1. Show me, for region 45-59, the HN-Hα J-couplings you get by feeding each phi into the Karplus relation (A = 6.51, B = -1.76, C = 1.60, θ = phi - 60°), rounded to Hz, glycine and proline as x.
2. Report the Rg/Rh value for region 40-86, based on alpha-carbon coordinates and the Kirkwood definition of Rh.
3. So if I restrict to the alpha-carbon atoms in region 1-68, what is the Rg, and what is Dmax, the biggest pairwise distance, in Å?
4. I need the GluC sites (Glu not before Pro) found in region 1-95, filtered to DSSP loop residues with at most 14 other beta carbons within 10 Å of theirs.
5. With a cut-off of 14 Å, note down the residues of region 6-45 whose backbone N falls inside the zone around a label point 7 Å from the Cα of residue 109 toward its beta carbon.
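What follows draws every value from the coordinates through simple rules; no lab data is involved. Every value quoted in this text rests on a predicted model; they were computed, and no experiment measured them. Positions of Cβ are backbone-derived with ideal geometry, glycine not excepted, and every protein chain shown enters the neighbour counts.
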Amino acid sequence: MTIRKPRELTEGLATGARILALDLGTRTIGLALSDVERTIATPFDTIRRTKLKPDIGQLMGVIADQGVGALVLGLPVNMDDSEGPRCQATRQFATDLLLALDLPLAFWDERLSSYAAEAALLEADVSAKHRAEIIDKVAAAVILQGYLDFLAAGGGGS
């Protein structure tokens, strides 16, 4: 598949197929899943990064087990709208991922997603140790919920 625009991601997507969001970091990949109606994002898991092939292998397992039909990959755009080395690395990861998977993928601006995740965890009085363990998958859920809200507002296809 190719990289799609966010509004085109769900075109042709099977009913009940879930969306998987990825918050790509240098050491981890935070994962969040949509429900089958594609309205609610839920933190799912965190993958400890090793090498590209095993990382993609773990993602393929999640995709198969969870009925995933599309991917949303957080794009770490700078606050001034420029793209730096982290964006380049994210775009390269997407290219590598699509060589192994036949799924539609869209990028979603992830600015402030980690901040929003941290704020939500602080408000929920989650301990610092536990926050560190779950922050990446919560950030992925923030990214995915932003995308799902975009769909609900009429931003998506069929």
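1. Those phi angles translate into 6, 10, 9, 7, 6, 10, 10, 4, 4, x, 4, 5, x, 5, 4 Hz.
2. Values: Rg = 13.8 Å, Rh = 13.1 Å.
Checking Rg against Rh, the ratio lands at 1.05.
3. Final numbers for Rg and Dmax: 12.6, 34 Å.
4. Numbers: sites: 8, 11, 37, 83; in loops: 11, 37, 83.
Within region 1-95, the qualifying GluC sites (Glu not before Pro) (loop, at most 14 other Cβ atoms within 10 Å) are 11, 37, 83.
5. 6-7
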